[in-house]
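Some notes on the structure that comes next.
What follows is calculated from the coordinates using simple rules that are stated; it is not laboratory data. Predicted model, so just to flag it, every value in this text is computed and none were measured. Reconstructed Cβ throughout: ideal geometry from the backbone, glycine too, with neighbour counts over all protein chains shown.
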Amino acid sequence: MPENTELITVYIASGQPEAEIVKGRLESEGVPAMLRYESAGVVYGLTIDGLGQVEVQVPSSLAQHAREILRVT
């Protein structure tokens, strides 16, 4: 993705494995996705107070399409 692409969060996963599955689903449909998370949650395996949450983000121009993909799965 170009560096100046605006990213929109389309899904919030409760951990890294779930986020990777969602990211893979989007990418299999041609929607590039990135994961955004606090490193402490990954390093320590914490899932308390949102630390383990992982945001799945896509380019803003594809956000609606991504939501539609995730709605049917």
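Neighbour counts of other C-beta atoms within 10 Å: give me V72, V54 arranged from fewest to most. The partial results should precede the final answer.
Details: V72 5, V54 23.
In order of increasing Cβ crowding within 10 Å: V72, V54.
Local charge sum around Y11 (other residues, Cβ-Cβ under 12 Å, Lys/Arg +1, Asp/Glu -1)? Walk me through the intermediate numbers first.
On the way: positive: K23, R25, R36, R67, R71; negative: E18, E20, E55.
That sum, taken over residues with Cβ under 12 Å, equals +2.
Once the other residues with Cβ under 15 Å from the Cβ of S28 are scored (Lys, Arg +1; Asp, Glu -1), what is the net sum?
Details: positive: K23, R25; negative: E20, E27, E29, E68.
Its environment carries a net charge of -2.
By count of other Cβ within 10 Å, fewest leading, how are L70, L62 ordered?
On the way: L70 16, L62 19.
Listing L70, L62 from fewest to most nearby Cβ atoms yields L70, L62.
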